[in-house]
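Working notes, structure below.
The values are calculated or read from the model by the stated rules, or taken from the named source; none is laboratory data. This is a predicted model, so every value here is computed, not measured. Every residue, glycine as well, gets a Cβ built from its backbone with ideal geometry; the counts of neighbours run over all protein chains shown.
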């Protein structure tokens, strides 16, 4: 880099090209959030928000009825039936998922108003997803990726399908081998590197928008797939409630950045091309699952 | 899918096309490991293996001297000086990294034989990496990705550089703004979705090959960047030793699948195109950081 230095009087002359390689500073994600107008944020819809109360605190899950309409209905029914209250976290597999549901295989808790089986909602027709904002970044798992209604999503114009992507914090429906063997009573959250191979193989119902650290630190289970081999290792779920059923003063006051907003586009760019001085080389790319979807207390 | 059903006597006639869409079974990663010859595995080199002893157990780290030769030398010096013994886990940021080092900013532990600063080893010349096995899968962050000497790596033939990729479990060198402000005394392990934007911006020195769950479950710190705001939240490091300095009978007896072996190629394919019956749609792609690098007890 300093091959002409021998012809120059001062070693300092080499500093110029080196400094020229420094990246200029750029707005960070925090800067973008700070500068964002209120209109670029939305409150959570109480009818599509779940509160899972653990001994360590509240996990807030936003449902995605556009992508899993039948499962959203069934999960609301399960929640209103009190199905999850007193159940447990069953499984924590390192670099994969944390799963919760009924620990009692021998006499499982019955379903009341909820259906016991639902057809898998692995993909939806493209036309159902009217709010897709495409990322310019390429993806190995899908022809197009971006965000829809606040969730990371993917689509294939050739097959006419759209689906939610298995990024960190996304919530899916555990199932057996049959596509229709799930109903939302066994749910998991992604707690490791995005297992995108699950995309289009499972019904994704939403995203943990707050409290993910309460799930991600759960000790990994010693049995295969991270299941706990001793009942005392399981964490009990105090309750899962729909936000709409919780008194307004006990609701979490969160808002999510709109993924079709100019601010969100700037968030993606801040992740794609970081400025200096700490960063020396900007990636020039951001993976779908590395774009943060900002969540904050209402009003910032 | 059943549009000719009306012309057929039995609804059952529709089952044929549906079944034709089922994926045939294929060997899983576990099947590939089971069938792998002994020659496709290698023991860990005791001179490039660290044991970090935590109250909850041992974390085994393999160093990558091909990619960070000066840092490997310095970390060996730090370890042999007992530098890490009694230090602590300082930081756990959800979906990002767990970092350890000296909690005492006011009177930091002095360096003895180790250097206090080293030039960043963010990339190495392509020619230094003689064992690259390329993945056919495309990547957003680098022109070529694959594995070198047991580590996920990337390269750019245009710039002539190769580097280690920030996948789950990879270990990097914390630094300040200056490229040469790290020396291996502050290390972190990736505990979330691969932060590939750090590639080429930081010296990556190796990988956690065993014990990652001991780090990944560390409670997330409440201060910015996941730093613990109370000293009692920090987990003390009992010691960090080089395996070569530990009596043979106290060493972990691990072996790693050779990433230039036929078995490893089959592992990547098992992750890329899963067979049925659980999987309904094979991804046809595997992200660099979703290829597992198998580790097992010696002799399987």
(message) Looking at A:151, A:122 in this structure, which one is within 17 Å of residue A:61 (Cα to Cα) and either within 20 Å of the chain's Cα centre (by Cα) or at the interface with another protein chain (Cβ under 9 Å from one of its Cβ atoms) (or both)?
(response) A:151
(message) Quick check on this structure: which one of A:110, A:143 is out of contact with any helix residue (DSSP H, G or I) (no Cβ under 9 Å at 6 or more places or on another chain), free of Cβ contacts under 8 Å to residues at least 40 places away in the same chain and within 14 Å of chain B (Cβ to nearest Cβ)?
(response) A:143
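Among the residues of segment A:126-147, how many are closer than 23 Å to residue B:291 by Cβ and assigned to a loop (DSSP other than H, G, I, E, B)? Steps first, please.
Keep residues of segment A:126-147 that are closer than 23 Å to residue B:291 by Cβ, which gives A:137-143, A:145.
Now restrict to residues that are assigned to a loop (DSSP other than H, G, I, E, B): A:137-143.
Within segment A:126-147, residues that are closer than 23 Å to residue B:291 by Cβ and assigned to a loop (DSSP other than H, G, I, E, B) number 7.
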(request) Output the number of the condition that residue B:74 fails; it satisfies all remaining conditions of (1) assigned to a loop (DSSP other than H, G, I, E, B); (2) out of contact with any strand residue (DSSP E or B) (no Cβ under 7 Å at 6 or more places or on another chain). (result) (1)
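Please tell me if residue B:190 is closer than 30 Å to residue B:144 by Cβ, touching a strand residue (DSSP E or B) at 6+ places or on another chain (Cβ under 9 Å) and more than 9 Å from chain A (Cβ to nearest Cβ).
Values: closer than 30 Å to residue B:144 by Cβ: yes; touching a strand residue (DSSP E or B) at 6+ places or on another chain (Cβ under 9 Å): yes; more than 9 Å from chain A (Cβ to nearest Cβ): no.
No; evaluated as a whole, the condition is false for this residue.
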(message) Just to be sure I understand, how many residues within segment B:171-192 are more than 18 Å from residue B:226 (Cβ to Cβ) and out of contact with any helix residue (DSSP H, G or I) (no Cβ under 7 Å at 6 or more places or on another chain)?
(response) 6
(request) Would you check which residues across segment B:165-179 are more than 9 Å from chain A (Cβ to nearest Cβ) and under 14 Å from residue B:64 (Cα atoms) and list them? (result) B:165, B:166, B:170, B:171, B:172, B:173
(request) Looking only at segment A:154-167, decide whether some residue is buried (at least 20 other Cβ atoms within 10 Å of the Cβ) and within 18 Å of residue A:225 (Cα to Cα). (result) yes
(message) at pLDDT below 95 and touching a strand residue (DSSP E or B) at 6+ places or on another chain (Cβ under 9 Å): which single residue out of B:277, B:195, B:231, B:219 fits that description?
(response) B:231
(request) Hey, can you tell me all the residues within segment A:198-240 that are at the interface with chain B (Cβ under 9 Å from one of its Cβ atoms), within 30 Å of residue B:275 (Cβ to Cβ) and free of Cβ contacts under 8 Å to residues at least 24 places away in the same chain? (result) none
(request) Select from segment B:193-215 the residues that are touching a helix residue (DSSP H, G or I) at 6+ places or on another chain (Cβ under 8 Å) and either not assigned by TED's automatic domain parsing to the domain that holds residue B:88 or not in a strand (DSSP E or B) (or both) and list them in ascending order. (result) B:193, B:194, B:195, B:196, B:197, B:203
(request) Spot the failing condition for residue B:244; the list is (1) touching a helix residue (DSSP H, G or I) at 6+ places or on another chain (Cβ under 6 Å); (2) within 26 Å of residue B:78 (Cβ to Cβ); (3) surrounded by 17 or more Cβ atoms within 10 Å (Cβ to Cβ), and only one is missed. (result) (3)
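Considering segment B:281-300 alone, what residues qualify as being outside any loop (DSSP other than H, G, I, E, B) and over 21 Å from residue A:142 (Cβ atoms)?
So in segment B:281-300, the residues outside any loop (DSSP other than H, G, I, E, B) come out as B:288-290, B:295-297.
Those that are outside any loop (DSSP other than H, G, I, E, B) and over 21 Å from residue A:142 (Cβ atoms): B:295, B:296, B:297.
Tell me which residues, restricted to segment A:254-280, are within 11 Å of chain B (Cβ to nearest Cβ), in a loop (DSSP other than H, G, I, E, B) and surrounded by 17 or more Cβ atoms within 10 Å (Cβ to Cβ). Show your work before the answer.
Our first condition is that a residue be within 11 Å of chain B (Cβ to nearest Cβ); within segment A:254-280, this holds for A:270-274, A:276-280.
Now drop any that are not in a loop (DSSP other than H, G, I, E, B), which leaves A:273-274, A:277-280.
Of everything in segment A:254-280, those that are within 11 Å of chain B (Cβ to nearest Cβ), in a loop (DSSP other than H, G, I, E, B) and surrounded by 17 or more Cβ atoms within 10 Å (Cβ to Cβ) turn out to be A:274, A:279, A:280.
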(request) Tally the residues that are away from chain B (no Cβ under 12 Å), touching a helix residue (DSSP H, G or I) at 6+ places or on another chain (Cβ under 8 Å) and surrounded by fewer than 17 Cβ atoms within 10 Å (Cβ to Cβ), restricting the search to segment A:281-300. (result) 3
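Scan segment B:148-160 and tell me whether some residue there is part of a strand (DSSP E or B), in contact with a strand residue (DSSP E or B) (Cβ under 9 Å, 6 or more places away or on another chain) and within 17 Å of residue A:280 (Cβ to Cβ).
So the first thing to find is which residues in segment B:148-160 are part of a strand (DSSP E or B), and the list is B:148, B:151-156.
Narrowing further to those that are in contact with a strand residue (DSSP E or B) (Cβ under 9 Å, 6 or more places away or on another chain): B:148, B:151-156.
Now narrow it down to the ones that are within 17 Å of residue A:280 (Cβ to Cβ): B:154, B:156.
Yes, some residue in segment B:148-160 is part of a strand (DSSP E or B), in contact with a strand residue (DSSP E or B) (Cβ under 9 Å, 6 or more places away or on another chain) and within 17 Å of residue A:280 (Cβ to Cβ).
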